[in-house]
1. Give A:Val70, A:Val31 a once-over and let me know the one that is in contact with a Lys or Arg (Cβ under 6 Å, 6 or more places away or on another chain) and at pLDDT 85 or above.
2. How many residues are within 10 Å of B:Pro117 (Cβ to Cβ) and free of Cβ contacts under 8 Å to residues at least 24 places away in the same chain if we restrict to region A:40-77?
3. For region A:15-27, which residues satisfy the criterion of being at the interface with chain B (Cβ under 7 Å from one of its Cβ atoms) and part of a helix (DSSP H, G or I)?
4. Scan region A:65-116 for residues that are in a loop (DSSP other than H, G, I, E, B) and not polar (S, T, N, Q) and report the count.
5. Output the number of the condition that A:Ser32 fails; it satisfies all remaining conditions of (1) within 30 Å of B:Gln123 (Cβ to Cβ); (2) buried (at least 21 other Cβ atoms within 10 Å of the Cβ); (3) at the interface with another protein chain (Cβ under 7 Å from one of its Cβ atoms); (4) of a type in the set (S, T, N, Q).
6. Among the residues of region B:22-30, is any crowded, with 19+ Cβ neighbours inside 10 Å, more than 19 Å from A:Phe8 (Cβ to Cβ) and not assigned by TED's automatic domain parsing to the domain that holds B:Thr140?
7. Just to check your reading of the model, which residue among B:Phe124, B:Phe103, B:Phe39 is over 28 Å from A:Ile55 (Cα atoms), modelled with pLDDT of 85 or more and assigned to a helix (DSSP H, G or I)?
8. Residues being facing chain B (nearest Cβ under 7 Å) and outside any loop (DSSP other than H, G, I, E, B): count how many of those fall in region A:39-61.
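The values are calculated or read from the model by the stated rules, or taken from the named source; none is laboratory data. The model shown is predicted, which means the values in this text are computed figures rather than measured ones. Here the Cβ is made from the backbone with ideal geometry for all residues, glycine too, and neighbour counts use every protein chain on show.
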Amino acid sequence: MTLYFLNFVLFIIGLYALVAKRHIVKKILGVSIMEYSVNLFLILIGFKKSGVAPILMKDMDLSTFIKTAVDPLPQALVLTSIVIGLGTLALMVAMAIRIYERYGTFDMHEINRLRG
Amino acid sequence: MNTLVLLHILLGFMIIGSLVTVEIRNMLSAVISVGAVGFALSIMFLFLGAPDIAITQVIVEILSLILLIRSTINVDNMAIEKRGEHVLSNRATLIFIGIILAFAWFSFHSLRPFGYPSMRVSQFYLNQGLKEVGATNFVTSVILDFRAYDTLGEAMVLFTSISGAFAILRRWKREQHKDFLRIDREH
C-alpha cells in the first residue's frame, strides 16, 4: 500500500511541474515524470509475491511456473507505452525548439504576453 | 521481504530525484536528474519481474536524454522562476496537493493489496500461451499474438507522433515557402 502511495506522490510531483512551472522544458520533464509513475503503477499492480518473470526457462516445471509467474498483461501494455512515450517526447521537444526559434524565450508568461 | 525494502528505497530515490528536477535552477542539471530517475525506474522493473521492460526503459531513457539535452544545450540554461518562488510559497497549490493525497490514501485501500494481483484475464494467457503460441516469453506472446491488433494500433500512434515531430522540425519546405511568398509580393 505504501508503494502505491509513494508512486502517487511521484505523479503529483510531475503534475506540479506541469501546472506551476513557467519554463517549457520543465513542463516537458513534468509530463515525463508522470509517465514514469503511471508505467510503474501498472507494473506494481501486476506483481505477484515471490513471483518470477514470465519467461519459461528450460529447467522450469510448467505447472509451478503458471502458479508463480507475475502478470504478463500489464507488462505487454507498458512495453508499447514506454516507446510511445519516447515518440510524444520527441514531438514535445520539437515544438519547444520551434517556439524558442519564434519567440526567443522558453517562458510561458512571456510567450503569452508577446502574442498580445 | 528484502525486495520490498529495496523497492521502497528505490522509489524514495525517484521521488528525491524528481523533486530536484522540479526545483533546480539549471536546466541541464534538471534534465540529467530526470535521467537518473528513469534509470532507477529501470532497476525497479528488474526487481518487479519485468526484464523486457527494464531493457526497453534503459534504451528509451538514453534516447530521451539525448533529445532533452539537444533542446537545452544551445539556449539559456537557467530557469525563469523568481528567487522566492517555490512549493512552500504557493499556499493554494499545497492545499490542493494535500487534499488529492488524502483522497488517494483512502482510495488505494479499495485496491487489491500489493503482491496479490487479479489474474482473471492473464491466467488464460499463462495457461494457453505455450500451447497456442509456442513462445516461451509470455510477454512477447501477449504483444504479438493475443493482442496483436492493440500493438498495431500503438505502432500507428508512434508513427503519427514521429511524423508530427518530423513535420514540425523540417526546414527545407518552409524556406521554399518563404521565397514563394516574397516573389509573390514583388509582383
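1. A:Val70
2. Going through region A:40-77 one residue at a time, the tally reaches 3.
3. A:Tyr16, A:Ala17, A:Ala20, A:Val25, A:Lys26
4. 5
5. Just one mismatch for A:Ser32, condition (1).
6. Yes: one or more hits.
7. B:Phe103
8. Of the residues in that region, 7 qualify.
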